[in-house]
Amino acid sequence: MANILLNGAKGRMGQAITAAAPDAGCKIVSSCDVGDNPAESIAAADVVVDFSFRDITPALAELCAKNAKPLVIGTTGHTPQQREQILACTKTIPIVWAGNYSLGVNLLNYLTKIAAKILDDSYDVEIVEMHHRHKKDAPSGTAEKLKQIVLDARGIGEDSVIYGRKGLVGERPRGEVAVHALRGGSVVGDHTVMFAADGERLELTHKAADRKVFALGALRAARWVLGKPAGLYGMEDVLNLK
């Protein structure tokens, strides 16, 4: 049984995690949200799970490091400076950090890596994601992860990436990687990576219909990270995909 301090408990993901915890071998011993002080209840927790807001995560990570508590981060959209603050804490505690905790999405990441290594830049890459109208950041953390997988596999950098298109943009240059963010309705999360060449197109797609799939993945990560050495981990570590 993993005793969890859940930060962001009133949000959509926080509610999904709370509902899924009993059947996932976990217990929410403290539920925190905006205005609450997690320092008051962190001692009772084995692990902290954060699905709050990007501005809160760095201070929470430092609190976890101070109290030697592992941390699972599902919050996205952090600035480079915030990311540096959080990563500094991995010297002291284990942190699992993923933009998406769905098992299916993490298999999508794995398959995208394989495809990007096998298919050269004669295959144009387009990454398309869609989420509900309330999502605040774009592209999604999952789309950013998929983009980085492609860039790393091809040995190229951010200068090869465009975000959306408008106007007379000209012919698509070879090696370009495009990312598109769609928003509307109550879509939980759709992600597609397209590899398009002359004569054929490969599409890898994942569609989530219920936040429970993310909640179960985050709870699995919370159980897995207990007792791990300090460092940065992803869901590929949790699922042994490396």
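The values are calculated or read from the model by the stated rules, or taken from the named source; none is laboratory data. Because the structure is a prediction, the values reported are computed rather than measured. Cβ sites come from the backbone with ideal geometry, for glycine too, and all protein chains shown count toward neighbours. Only protein heavy atoms, including side chains, enter the accessible area calculation; ligands, DNA and RNA are left aside. Shrake-Rupley method; radii C 1.70, N 1.55, O 1.52, S 1.80 Å.
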Taking the conditions exactly as written (touching a residue at least 40 places away in the same chain (Cβ under 8 Å), closer than 30 Å to Ile17 by Cβ, part of a strand (DSSP E or B) and among the charged types (D, E, K, R)), does Glu129 satisfy them or not? yes
Can we say Tyr110 is out of contact with any strand residue (DSSP E or B) (no Cβ under 9 Å at 6 or more places or on another chain), under 26 Å from Glu236 (Cβ atoms) and not hydrophobic (A, V, I, L, M, F, W, C)? yes
Any chance Asp121 is surrounded by fewer than 22 Cβ atoms within 10 Å (Cβ to Cβ), modelled with pLDDT under 95, out of contact with any His (no Cβ under 7 Å at 6 or more places or on another chain) and farther than 20 Å from Lys212 by Cα: no
Scan (1) open to solvent by less than 60 Å² (accessible area, probe 1.4 Å); (2) of a type outside the set (Val, Ile, Thr); (3) at pLDDT below 95 for the single condition Ala116 breaks and write down its number. (3)
Filtered residue count, region 18-75, keeping only those that are of a type in the set (Asp, Glu) and touching a strand residue (DSSP E or B) at 6+ places or on another chain (Cβ under 9 Å): 5
Any residue at all in region 139-153 that is touching a residue at least 60 places away in the same chain (Cβ under 8 Å), within 23 Å of Thr75 (Cβ to Cβ) and touching a strand residue (DSSP E or B) at 6+ places or on another chain (Cβ under 6 Å)? yes
